[in-house]
Amino acid sequence: MTHEEIGLSGTPKKSVTIVIDGRKCRADEGEIVLSAALREGAAIPHLCYEASLDPYGACRLCMVEVCHNGKTSMVTACTLHATEGLEIRTDTPEIVKYRNVLFELYLAEAPKSDVIKEMAARYGVTRTRFLKKIDTDDPLGGSCVLCGLCVRVCNEIMGAGAIGFVNRGPYTVVGTPFFEANTDCIGCGACANVCPTHAIRIEDRDGERVMHSWGGGRVRLAQCGVCGKYYAPGALTAATLARLLPPLRDDLAGLCPACRAKRIADEEIRVNMRGGADHHVRPRRS
Amino acid sequence: MTGAAEADLPAREAAGLRKLKPDRPRIAVGLATCGAAMGGDRVYRRFQEIIGAGGDDIMLTKTGCIGYCREEPQVNITIPGRPLVILHRVDADDVEEIVTAVRAGEVPYEMALCRVPSWDHVTGTTVEYGGGFDRIPLYQDVRFFSHQKKVVLRNAGFINPEDIDEYIAVGGYAAAKTALTEMEPDAVVAEVERSGLRGRGGAGFPTGLKWRITRKAPGDEKYIICNADEGDPGAYMNRNEMESDPHMLIEGMIIGAYAIGAREGLIYLRAEYPLAIRRLELAIAQARTCGLLGERIFGTGFDFEIRIVTGAGAFVCGESTALIASIEGRTGRPHPRPPRLTDIGGGLWKKPTDLNNVETWCNVPVIIQNGGDWYARIGTEKNTGTKVFSLVGKVDRVGLVEVPLGTSLNTIVFDIGNGGSQGKKVKAVQTGGPSGGCIPVRLFDTPVDYENLNRVGSIMGSGGIVVMDEETNMVDIARYFVNFATGESCGKCVPCREGLKHTLLLLNKIMAGKGTEKDLDTLGLLADTIQKTSLCGLGQLAPNPVLTTLAYFREEYGALVKK
Ligand SMILES: Cc1cc2nc3c(=O)[nH]c(=O)nc-3n(C[C@H](O)[C@H](O)[C@H](O)COP(=O)(O)O)c2cc1C
Ligand code: SF4
Ligand code: FES
């Protein structure tokens, strides 16, 4: 990612006007329309969008109607970029009709998910005509909607690649290879964090993080050298520390967040008394 | 190397002609996959035994398939000064009789399908075989052939696909030479634009325009790709094009690469086509030996190489973005466009890429050789040229059919195909593979072109035409195709993954006699939703069999549901 992309270059993005359900709003040129619309309070449902990841367009819930040269078409707002004068509608009868069927499909696919039930109910869908998927052995507890966020975060952001899609079509599931514990898992828990339906079960116990949904893999937790608390997976802290410069890295190794904050505060006070700041964090290369 | 290649062409042309019209009898066995499957291999081996044992001065060779698959295995006999004779339904046991006749300067009349006194290879070369054998019907009087117009299949079944000399002898690589040595790349693009050629992979996007966009895209590094992932049930025209005339594809790609400014071309070829892979590999090697691939082709500054990449049999990998993912070694799942393949960042290795179907590439040499205007006069105004269809199912004459676009379904199914097999009544056809619609016989005056097929709820697709007769249950047909699409869905987006599954469940329920009128409404609404909301073409088109059978054969559904 370049500095431009993360907005550090200092040149402000050009601002454009887009029209959402007849209301004029400002957006950055090229900004994802879903993101702009949500900021403006539009009620567009979505399950697979995450700003830090590449556009994916799989849940199809964020469909909006675009009016272009008098012709309308339905597109997903999460793959649509803002341009000057872009006009979208979020609740035409057509969109409502198709979105409701999609909600019914979700209710059948993830019958155990309260998040889905609540989301569907918000748009007036409370029952499904389709056969509900019942799988009592599902490690994701009948709540996965295959939005792919966990897989993408694990691969694209964490770079661990511990989980992926298995099979295809209606048999697609998310899991580790052969559904066994995967030593590539660093136990970061980003998957569980990003999951919109809270389907992923992770538990910290006895100094270990247990990945219940991922073949029961176990990752040792690091223990704080000062207070003795288990605070994060060892592999994850190692990966994080590797990004820091030696003086700070050595200072922070083996500390829980609370003790770390205390240590940094103490350090800052000491440095400031000397009059000057160090750059502790190595800049990321673009 | 370069000079040698240039000098080579006339020599190879002469050598090729000597092989096509030797001064001794020539026996050529149709050995595309269809011929081999019907026993052509055994016939060929038997010829080897008998000719070898008798010490005859007879040339034995192979050809591809002329398209009349019902009549396989076929054998061509060329006796000097006589017409080429096509024998049909030849069995290994017939071989002795054939050789005996040929030794006497004759052919076994009762095995003859037709004779060909001269054959026009369209690009300016007509091979004159000779006269006589008047008792055998002429090629153009055989009803399966008489309504056809061979442009792409002009060489199929006549030349040996494993011998570059024979391709050159019938005008091959002349178009590539013209393009590279006499035309600017822009002029080549303009010629293709003038021809009106549209993509034969299904969507009918104007080929010249796609080339122009790719040519104009910034960057020096560009790719061209041939989509040979043909995976529609019942469709095998691309297979035959590659097996019967692989050099036509290679020549089309050379011309396209030159026009677009690509130095590398890839053929994405499904692993289920081993013979096509073998013949293309051989053809590429021969073209390289002749200096038609590699560096400084025809002594110009243009370098070009072709590589074959085999796909692992996923239907969705025929979709452009999934195809790229598959070549790059990622899971073959489509992603939203833009970026398009022709954009920077969207193509292979993020470089602008032009993707065209096998048959699209095969149309290119004749366009350059005979001109875009010549091509545009075939077919209709917005649908120029010919298209190859595989006519299969419950039809009397099964085979590959090449007709001008705009030909009616009536002509294809009744005049060429002779209606239902075993005299049964034809009820409908399904065009465009698993994602096409079913068209009832009362709409058979529909001209077969991109727009008119869409108008009746179907698609051109890659050109499969499956005929259904009075005994076919249309609900079962819909279920068959939905079952195929469900199994091939990549599973990424919810309408296709979940929606097709529930479509299938509903169809199963209806077929079992347990459905209700309400289920039919749900089925219609669901199919409509999948069509409108899916991410890629697979899901967007997969409901077509359901939607069209619901529209045209609702009574068959009605008969199955509980009142
Ligand atoms: C599910 C799916 C499967 C496809 N399979 C093929 C195929 O087997 N061969 C092909 O040429 N095009 C196939 N296509 C169309 C390609 O995406 C693309 O449009 C085509 O190769 C472009 O070439 P053309 O412009 O020459 O037609 C498929 C499309 C979809 C959505
Ligand atoms: S429509 Fe089907 S094949 Fe295409 S992306 Fe969606 S799930 Fe995959
Ligand atoms: S958020 Fe746009 S398709 Fe899922």
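Where a number appears in this text, it was derived from the coordinates with a stated rule and is not lab data. The model shown is predicted, which means the values in this text are computed figures rather than measured ones. As a convention, Cβ positions derive from the backbone with ideal geometry for all residues, glycine included, and neighbour counts pool all protein chains shown.
Please work out whether chain A counts as rounded, prolate or oblate from its C-alpha gyration tensor, where a ≥ b ≥ c are the square roots of the eigenvalues and a/c under 1.5 means rounded, while otherwise a/b larger than b/c means prolate and anything else oblate? Walk me through the numbers on the way to the answer.
Values: a/c = 2.62, a/b = 1.32, b/c = 1.99.
Oblate is the answer for chain A, as a/c is 1.5 or above yet b/c matches or exceeds a/b.
Would you mind calculating the relative contact order of region B:19-142 from Cα pairs under 8 angstrom and at least 6 residues apart, reporting the percent as a whole number? Numbers along the way, then the final one.
Details: 229 pairs, mean separation 31.1, N = 124.
Result for region B:19-142 is 25 percent.
In the elastic network of chain A, a GNM with C-alpha springs shorter than 10 Å, the most mobile of A:D91, A:D21, A:D135 is A:D135.
Among residues other than B:D165 whose Cβ falls under 12 Å from its Cβ, what is the net charge (Lys/Arg +1, Asp/Glu -1)? Numbers along the way, then the final one.
Values: positive: B:R12, B:R18, B:K19; negative: B:D8, B:E13, B:E162, B:D163, B:E166.
Once positives and negatives cancel, what remains is -2.
Straight-line cross-link reach from B:K514 at under 21 Å between alpha-carbon atoms covers these lysines, not counting any fewer than eight positions away in the same chain: A:K132, A:K133, B:K501, B:K562, B:K563.
Working note: Karplus 6.51/-1.76/1.60 with θ = phi - 60° gives region A:32-40 the couplings 5, 4, 4, 4, 5, 5, 5, 4, 7 Hz, where Gly and Pro are set to x. Legend: mean number of C-beta atoms from other chains within 10 angstrom of residue C-beta atoms, peptide A:92-105, equals 4.
Rounded, prolate or oblate: which fits region A:149-259, taking a ≥ b ≥ c as square roots of the Cα gyration tensor eigenvalues, rounded meaning a/c under 1.5, else prolate when a/b beats b/c? Note, shape of region A:149-259 comes out prolate. Between the amide H of B:K387 and those of B:V403, B:L405, distances stay under 5 Å, these residues lying 5 or more places away or on another chain, with hydrogens modeled in the peptide plane.
For peptide A:143-153, how many partner chain Cβ atoms fall within 10 Å of a residue's Cβ, on average? Spell out each step's value before the answer.
Values: counts 0, 0, 2, 6, 1, 3, 0, 0, 0, 0, 0.
Per-residue shielding by partner chains comes out at 1.
Cβ under 12 Å from A:P196's Cβ, A:P196 left aside: what net charge do those residues give with Lys, Arg +1 and Asp, Glu -1?
Values: positive: none; negative: A:E50, A:D114, A:E118.
Neighbour charge sum, excluding A:P196 itself: -3.
If you sort the three axes of the alpha carbon gyration tensor as a ≥ b ≥ c, you get a/c under 1.5 for region B:172-374, which makes it rounded.
For chain B, what does the relative contact order come out to in percent, with C-alpha contacts under 8 Å and a separation of six or more? Walk me through the numbers before you get to the answer.
Details: 1268 pairs, mean separation 75.1, N = 563.
Across chain B, relative contact order equals 13 percent.
For region B:141-154, 3J(HN,Hα) computed residue by residue from phi via the Karplus equation (6.51, -1.76, 1.60; θ = phi - 60°) reads 8, 6, 5, 5, 8, 5, 8, 8, 10, 8, 10, 5, 8, 4 Hz, glycine and proline entered as x. Per-residue shielding of B:330-336, expressed as the average number of other chain Cβ atoms within 10 Å of the residue Cβ, stands at 4. Phi angles across region B:512-527 convert, under the Karplus curve 6.51 cos²θ - 1.76 cosθ + 1.60 with θ = phi - 60°, into 3J(HN,Hα) values of 7, x, 9, x, 10, 4, 5, 4, 5, 5, 4, 4, x, 5, 5, 4 Hz, Gly and Pro given as x. Annotation: amide H-H contacts under 5 Å for B:V448 (H modelled 1.01 Å from N, sequence separation of 5 or more, or interchain): B:G406, B:T407, B:S408, B:L409.
Electrostatic bookkeeping for B:V316 treats Lys and Arg as +1 and Asp and Glu as -1; over the other residues with beta carbon under 11 Å from its beta carbon, the sum is 0. Residues whose amide H comes within less than 5 Å of that of B:L138, counting only those at least five positions distant or on another chain, are B:R115 (H built at 1.01 Å from N in the peptide plane).
With helices as the sole contributors, chain B gives -11500 deg cm²/dmol at 222 nm; each DSSP H run of n ≥ 4 counts as -39500 (n - 2.57), and the sum is divided by every residue.
Test of understanding: ordering A:L38, B:L405 by Cβ neighbours within 10 Å, fewest first, what list do you get?
Neighbour counts put them in this order, fewest first: A:L38, B:L405.
Averaging the sequence gap over all C-alpha pairs within less than 8 Å and six or more residues apart, then dividing by the number of residues, gives chain A a relative contact order of 11 percent. Bridging of B:K425 to lysines at a Cα separation below 16 Å is possible for B:K394, once same-chain residues fewer than 8 apart are set aside. Could you name the lysines whose alpha carbon sits less than 17 Å from that of B:K150, not counting residues in the same chain fewer than 8 places away? Cα-Cα hits under 17 Å: B:K387.
May I ask you to list the trypsin sites (Lys or Arg not before Pro) in region A:102-164 that are in a DSSP loop and have at most 12 other Cβ atoms within 10 Å of their Cβ? Mind dumping the intermediate values first?
Details: sites: A:K112, A:K117, A:R122, A:R127, A:R129, A:K132, A:K133, A:R152; in loops: A:K112, A:R127, A:R129, A:K132, A:K133.
Within region A:102-164, the qualifying trypsin sites (Lys or Arg not before Pro) (loop, at most 12 other Cβ atoms within 10 Å) are A:R127, A:K132.
Helix A:257-274 and the long axis of chain A differ in direction by around 60°, with both axes built from C-alpha atoms.
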